[in-house]
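Read through the structure below, which is laid out as C-alpha cells, and then see the notes.
The values are calculated or read from the model by the stated rules, or taken from the named source; none is laboratory data. Values in this document were obtained by computation on a predicted structure and should not be read as measured data. Reconstructed Cβ throughout: ideal geometry from the backbone, glycine too, with neighbour counts over all protein chains shown.
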Amino acid sequence: MSTTTIDIADSDVPKRPSSSTHFAFRHRVFGIKGSYFAYMRQSTVVGFHLPLGDMFGVAPINRIQEEFRLDPDGHDGRLLQTVTRGLRYVREIRPGDSIPSEILDGTASWSVEAKHHEVAGNRLYLQVWSRTKGEERVIAAPHVQEQIAHDPSIRRIINDGLWALAAELGYGEDGVKEVEFQIERVRREIVFIEALRDRSAYVMEIAAGLDRYNKLYGNVRDVEAKIGRARALIRIPLERLNNKFAEVDARTGSILRLLRDVDATISLIRGNRDDLHFDLLAWSGLIESWKNAGYECGEAALALIGETYKFLAAHYSTASAQTRTGRMH
C-alpha cells in the first residue's frame, strides 16, 4: 500500500474527541469512513481494515506506521500500541471509539445479565452461611442456590456469620457494614466470572456435540478422523477455561481470606476475567453455528464439523496456541 493509493477527503475526517479516553488519532488516514482495527484473518497480527474503492483492504498496523512515518513515541504511534492492547477486550476498534475501560481503570467494558448479578451475590453470602455451619464451600450453580436461599433460616445464619467475620477481622462498631461493603466490592467483580462461566458452558456443549457426531459417523473413516482431531484439540481450551475458573474459585473459596486482602482478590479476579473473556471472544461465531446443530448425518453436519475443526486447528494447534498465549501476556 502506498500513500498515493488512498484518497482522504476532508469530509472523511471525523471530529476528534478531546478526551484521552478515546482513540482520537490525528493523521488523516485514520479518518477514512468505515475503517477499523482488528486481527487479520487467522492471524495474530493486528490489521487496519479500510475500504479502497469497491474493495475492502487490510494492512498490518506496523506497515501503516512505516508508510505514513508515524513516530512510535508520538501521539498516533502510542495510540496504535493502545489499539493492540485494546483488542484483547473487544473484537474491533474504530478510530474515535472509547478506549476499553480495562485499560483505563481495570473495570470490565462489557455488560452482564441480571441473573449473573444474582448468582454472584448469592454465591458470596452462601459462603458466609456455609462457613458459619462449619463447611464453607463455593455454591455457584443457580438451581442449588435457589433451593438453599428459599430456606427462611438462611438469612439469620448469614447475619450471625457477618458478625463473626467482623469480629475476626477486628472491625469496630460498624463492622458488619464494613464486611458487607467489602463483599459488595468483590461481588461487582465476580459477577463477570459467573457470566463467563455461563458462556463457557457453550464450549462444553460443543465438545459433547463432537462426541455425538463421532457416534453418528463412526463408520465413515475420513469424517471420523476429522472429528477425532477436533475432539483432541478441544481439550486444550476446555482445560484452560477450567483452570482459570478453578484459580478464581480457589482464591475466593475462603471468605475470610478474601476479606483480609480484597484488593489482591480483585486483581486476581480481573486478570482471569480478561483472559477468559479474550479466549471466549473468538468462539462467538462457532457457538452460533452450533446452536443450529441437528445431529443428523448430512451436508449441514459435515459443514459444521469442518468449521469446528478449522477453528480449533487455527487457534489450538501447538504453534497457534503458543502464539495466542504469548500475545495475551
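At a glance:
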{"read-out": "Qualifying residue in the stretch 239-250 (condition: touching a Phe, Trp or Tyr at 6+ places or on another chain (Cβ under 8 Å) and surrounded by 13 or more Cβ atoms within 10 Å (Cβ to Cβ))", "value": "no"}
{"read-out": "Subset of the stretch 66-88 [basic (Lys, Arg) and not in a helix (DSSP H, G or I)]", "value": "ARG69, ARG88"}
{"read-out": "Tally of residues being at pLDDT 80 or above, closer than 22 Å to VAL119 by Cα and among the small types (Gly, Ala, Ser) across the stretch 135-173", "value": "2"}
{"read-out": "Criterion violated by ARG78 - all others in (1) in contact with a helix residue (DSSP H, G or I) (Cβ under 6 Å, 6 or more places away or on another chain); (2) farther than 24 Å from ALA282 by Cα satisfied", "value": "(1)"}
{"read-out": "Candidates GLU224, GLU288, GLU296 - the one that is loosely packed, with under 14 Cβ neighbours inside 10 Å and either free of Cβ contacts under 8 Å to residues at least 40 places away in the same chain or aromatic (Phe, Trp, Tyr) (or both)", "value": "GLU288"}
{"read-out": "Sole residue being loosely packed, with under 15 Cβ neighbours inside 10 Å and either at pLDDT 90 or above or closer than 20 Å to MET204 by Cα (or both), chosen from GLY326, GLY306, GLY271", "value": "GLY306"}
{"read-out": "Yes/no for ARG257 being over 21 Å from ARG188 (Cα atoms) and either free of Cβ contacts under 8 Å to residues at least 60 places away in the same chain or not aliphatic (A, V, I, L, M) (or both)", "value": "no"}
{"read-out": "Flag for GLU118 being modelled with pLDDT of 95 or more and within 20 Å of ARG185 (Cβ to Cβ)", "value": "no"}
{"read-out": "Number of positions in the stretch 183-201 that are in contact with a helix residue (DSSP H, G or I) (Cβ under 7 Å, 6 or more places away or on another chain) and over 15 Å from PHE245 (Cα atoms)", "value": "4"}
{"read-out": "Enumeration of residues in the stretch 22-37 that are farther than 20 Å from ASP71 by Cβ, assigned to a loop (DSSP other than H, G, I, E, B) and within 27 Å of the chain's Cα centre (by Cα)", "value": "GLY34, SER35"}
